[in-house]
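Visitor: Questions regarding the structure given below will be posed in turn.
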């Protein structure tokens, strides 16, 4: 089956620094990748949709200058949290779509101290 | 706009008992419906999906769901719950293949022995 990986699986960073999270589709080419955010005991909220080679489409209320998304190839998308603050601490999950279905990564736990 | 309602935040069932998790959606056209399961700190695993055809769909781990257009529902069922089914379950809707998912709030399932 289709496999999506995320790296790192967890990261701790200091307030004011930037953190990059990678999302890779390992055995298929993803036409579209999605980034979701999940707060503790809450549902997943879509942050942005990215297509290879084009700018990401951000959901309303998501700061595009804070959450930089790059979709460099059909198998890799990155989310960079810039100037991270404690309120950015969350579980970030990516998914990759092969047009018919979304396949989810295992998630990245970000803690900003 | 699409939306999903999962009216039960928590459900507790005895091991071996039957299970039904409720999901109601709002979408003007034919929805693409999904059920996912998430264990603590993990990504999402697809249990089953409905795109078209037979309204009773079978999924993994013995789960099934029935699409009822008249009730705008897509309830998840399992005839006999196992302790390993304890997790959080999310219902989701999409506008089409590979489109962004809108998730319900989730239902936490507890299984008592």
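Visitor: Within a 10 angstrom radius of the beta carbon, how do A:62, B:81 rank from fewest other beta carbons to most?
Guide: The fewest-first ordering by Cβ neighbours comes to A:62, B:81.
Visitor: If you don't mind, another one. Taking R0 as 25 Å, what's the FRET efficiency between residue B:15 and residue B:58 from their Cβ-Cβ distance, rounded to 0.05? Mind dumping the intermediate values first?
Guide: Details: r = 22 Å, r/R0 = 0.87.
The computed FRET efficiency comes out at 0.70.
Visitor: May I pose another question? Count, for each residue of A:92-99, the Cβ atoms from other chains sitting within 10 Å of its Cβ, then give me the mean as a whole number. The partial results should precede the final answer.
Guide: Working: counts 0, 4, 1, 5, 1, 6, 2, 4.
For this peptide, the per-residue mean of nearby foreign Cβ atoms is 3.
Visitor: Once the Cα atoms of chain B are picked out, what are the Rg and Dmax in Å?
Guide: 13.3, 42
Visitor: Mind giving me the FRET efficiency for residue A:80 and residue A:26? R0 is 25 Å, r the Cβ-Cβ distance, nearest 0.05 is fine.
Guide: On the way: r = 21 Å, r/R0 = 0.85.
It comes out at approximately 0.70.
Visitor: What fraction of the DSSP beta bridges in the range B:35-113 is antiparallel, stated in percent and rounded to the nearest 5?
Guide: On the way: 22 of 22 bridges.
If we restrict to bridges inside the range B:35-113, about 100 percent are antiparallel.
Visitor: Next up: Within 10 Å of each Cβ of A:101-107, how many other protein chain Cβ atoms are there on average?
Guide: Taking all residues of A:101-107 together, the mean is 6.
Visitor: Moving to a separate point now. Averaged over A:36-45, how many beta carbons belonging to a partner chain fall within 10 Å of each residue's beta carbon? Intermediate values should be presented prior to the final figure.
Guide: Working: counts 5, 0, 6, 0, 0, 5, 3, 12, 10, 2.
Mean shielding count: 4.
Visitor: How high is the relative contact order of chain B, in percent, with contacts defined as C-alpha pairs under 8 Å that are six or more residues apart? Walk me through the numbers on the way to the answer.
Guide: Numbers: 283 pairs, mean separation 43.3, N = 113.
38 percent.
Visitor: Looking only at the protein assembly as shown, where both bridge partners belong to it, what percent of the DSSP beta bridges are antiparallel (to the nearest 5)? Please report the intermediate quantities before stating the final value.
Guide: Working: 71 of 80 bridges.
Around 90 percent of the beta bridges assigned by DSSP in the protein assembly as shown are antiparallel ones.
Visitor: Please figure out what share of the DSSP beta bridges in chain A is antiparallel and state it in percent, rounded to the nearest 5.
Guide: On the way: 37 of 41 bridges.
So the antiparallel bridges in chain A amount to around 90 percent.
Visitor: Now for a different question. Using the per-residue mean of other Cβ atoms lying within 10 Å as a proxy for protection, in what order, highest first, do the peptides B:93-99, B:48-54 fall? Please report the intermediate quantities before stating the final value.
Guide: Details: B:93-99: 17.6, B:48-54: 14.1.
In decreasing order of mean packing, B:93-99, B:48-54 become B:93-99, B:48-54.
Visitor: Please report, largest first and rounded to whole Å, the three semi-axes of the ellipsoid equivalent to the range B:5-51, where each semi-axis is the square root of five times an eigenvalue of the C-alpha gyration tensor.
Guide: On the way: eigenvalues 100, 46, 25 Å².
Result for the range B:5-51: semi-axes of 22, 15, 11 Å.
Visitor: Okay, moving on. If I take R0 = 22 Å and measure r between the Cβ atoms of residue B:110 and residue B:45 in this structure, what FRET efficiency does the formula 1/(1 + (r/R0)^6) give, to the nearest 0.05? Intermediate values should be presented prior to the final figure.
Guide: Values: r = 18 Å, r/R0 = 0.84.
Result of the calculation: an efficiency of 0.75.
Visitor: A further question on this structure: Can you classify the protein assembly as shown as rounded, prolate or oblate using the Cα gyration tensor, where a ≥ b ≥ c are the square roots of its eigenvalues, rounded means a/c under 1.5, and otherwise it's prolate if a/b beats b/c and oblate if not?
Guide: Details: a/c = 1.95, a/b = 1.48, b/c = 1.32.
Verdict is prolate for the protein assembly as shown.
Visitor: What shape does the range A:1-73 take by its C-alpha gyration tensor, where a ≥ b ≥ c are the square roots of the eigenvalues and a/c under 1.5 counts as rounded, a/b above b/c as prolate, and the rest as oblate? List each step's numbers first, then the result.
Guide: Numbers: a/c = 1.44, a/b = 1.25, b/c = 1.15.
Rounded, because the longest to shortest axis ratio a/c is under 1.5.
All of the numbers you see were taken from the coordinates with simple rules; none came from a lab. Predicted model only: the values in this text are computed from it and were never measured. All Cβ positions, even for glycine, are placed from backbone atoms using ideal geometry, and neighbour counts span all protein chains on display.
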